[in-house]
Amino acid sequence: MLQTLKNAWKIAELRSKLLFTLVIVVLYRIGSVIYVPFVNSAALNSVFDQEASLFAYFNILSGDAFSKATLFALSISPYITASIVIQLLTIAIPALERLSKQGPDGRKKLTQITRYCTVILALITSVGYYFFLKSYQMITDTSVFAAIVIISCYCAGAAVIMWLAEKINDHGIGNGISIILFANIVASLPGTIYRAFVNVENSKLGIFVPIITVVLLLAMIVFVVHVTNAERRLPVQYAKRQVGRRMYGGQNTYIPMKLNMSGVMPIIFASSIAAIPTTIALIFPPKGTGIWSKIVNFFSSTSPVYMVIYFLLIIGFSYFYLAISFNPVEVANNVKNNGGSIPGIRPGKPTVDYISRILSRITLIGSIFLGIVATLPLIVGWIDNSLSGLAFGGSSLLILVSVALETTKEIEAQMTMRHYKGFLE
C-alpha cells in the first residue's frame, strides 16, 4: 500500500487528487470540532462511557463527533442509509430500475434522488438527536428558536458531509463515503484505545491486557486481509464463432465471486437491530429491577444472548443483502448470450442452479467470517471486562482494512490506466 502511494505521488494528476482528498478530509475534521449553539457538549461524553449501544457505534463512525454533539455529529450515516434505501428500492420499484439502466443520465437522476432522501433522513435524525440531547438535559435553551437552530445545524452538517463525499468522488481518488468513514474511525482510535485500557488496573489479566490486545488485533488484521482478498473463480469457456472473415471467442475466463461479497453492510444492519433495546434504554433509562430493566440486561452487549443474536443476524443479513445485490439469473444469461458456458454445466437453468449453489456456500463462509470478526471483541470483553471498550473493534477494523484495500486497488487502476500505451505503439 505504501509503495502504491509512493508511485502515485510521482504522477502529477494523481498527486493533485491525493492532495484534494487530504484537504477535504481536513475540512471534514475541522467541521467535526465546531460546536453547535445551545448544546452542552462537554457533559455529553459521560453518557457514552456506559456500555456499548447503537449510539456508541455511531460515535465510532463519526470520529467521536456524535458524543460531542458537534456540527458533523450525524456524520455520513444519513448518506449511507439513503444510498442503501435507494439501492433496495431500485430492485423493488420498476421506475427506479429503469433509471439505473439508462446510463449516465439515469445514474445522475438516481444520485439526485439519493440527495433528497439524505436531506429527509438527516432532518428526521436531527429531530431525534435533539430530543435525545433534551432528555439528558444537554440543551441550555429549550425555546422553539433554539430547537430550530440546533436541528438546522445538524441537518446542514449532514448535507455538507454529503457534498464533501461527492467532491472526493468527482475530484479526488474516489470512494468518498469510504474515505470519510476511514478518517472517522482513525480519528476515534485514540479514544477507543484509552477506553479499552482505562480499566486495566482492575483487570484479572493485569499487565497481559496490552499484549493480548495487540496480538488479537494483529491476528484479526491478517485474518481480515486474507478473507477479504479470497474469491472463488467459476471457469467460463467461450465458443469460437466466425464473423465475416474473422474468428472470435474461444478463450477461457472466469467469474470472480468474492468470499465476502456483502462487505460490512450485514454488520451495520445487525448492529442497528441488535442494539435497539440498549439504545432505547439510553433515552428511557430503566428504573429499579422491573421488566424493562431485565430486558435491557438480557440484550446488553455483555450478555451471551446478545452475542448469539448478533451472530445470527449477521448471517441472515448476509444472505439478504446478497439476494438483492447479486442475481444469478442475470449472470447466467449474460454468459449464455455471449456464447459462453461453465464446463460440465448446461446453459440455462442448470447454470443458474450451479451459480446459486456455489453462491450459497460462499455466503455461508463469508457470513461466518463476518460473525467471528464482529463478535470476537465482544467475547473477549465478556471474558475480561477491562476489554469491553473493544466492543465494536471488529467491525471498525473490517471497515479500515476494506477501505484501505479498496482505495489501494482504485489508485492502482488509475495508475495502470495512465501508463497504458495503447495499440498504436
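The values are calculated or read from the model by the stated rules, or taken from the named source; none is laboratory data. Not measured: the values here are computed from a predicted model. Every residue, glycine among them, receives a Cβ derived from its backbone with ideal geometry; neighbour counts consider all protein chains shown.
Across segment 74-126, the number of residues qualifying as assigned to a loop (DSSP other than H, G, I, E, B) and of a type in the set (A, V, I, L, M, F, W, C) comes to 3.
Only residues that are out of contact with any Leu (no Cβ under 6 Å at 6 or more places or on another chain), of a type in the set (A, V, I, L, M, F, W, C) and either more than 17 Å from Leu259 (Cα to Cα) or in contact (Cβ under 8 Å) with a residue 60 or more places away in the chain (or both) were counted across segment 302-320, and they come to 6. Go through segment 208-265 and count every residue that is β-branched (Val, Ile, Thr), modelled with pLDDT under 75 and either touching an Asp or Glu at 6+ places or on another chain (Cβ under 8 Å) or in a helix (DSSP H, G or I) (or both). Qualifying residue count for the region: 5. Reported count of residues in segment 321-353, each being within 30 Å of the chain's Cα centre (by Cα) and in contact (Cβ under 8 Å) with a residue 12 or more places away in the chain, is 10. Answer yes or no as to whether Lys134 is part of a helix (DSSP H, G or I) and more than 19 Å from Ala42 (Cα to Cα). Judged against the criteria, Lys134 is not a match. Comparison of Ala69, Ala65 shows that the only residue that is modelled with pLDDT under 85 and either within 24 Å of Ile399 (Cβ to Cβ) or surrounded by 14 or more Cβ atoms within 10 Å (Cβ to Cβ) (or both) is Ala65.
Conditions (1) within 25 Å of the chain's Cα centre (by Cα); (2) aliphatic (A, V, I, L, M); (3) at pLDDT below 85, marked per residue:
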| residue | (1), (2), (3) |
| --- | --- |
| Arg107 | yes, no, yes |
| Ile113 | yes, yes, no |
| Ala122 | yes, yes, no |
| Thr125 | yes, no, no |
| Gln137 | no, no, yes |
| Thr140 | no, no, no |
| Val149 | no, yes, no |
| Tyr154 | yes, no, no |
| Asn169 | yes, no, no |
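Taking the criterion of being within 17 Å of Val236 (Cβ to Cβ) and of a type in the set (Ser, Thr, Tyr), the only residue of segment 294-341 that qualifies is Ser341. Within segment 1-40, the only residue that satisfies the criterion of being over 27 Å from the mean Cα position of the chain (by Cα), surrounded by 12 or more Cβ atoms within 10 Å (Cβ to Cβ), part of a loop (DSSP other than H, G, I, E, B) and modelled with pLDDT of 85 or more is Phe38.
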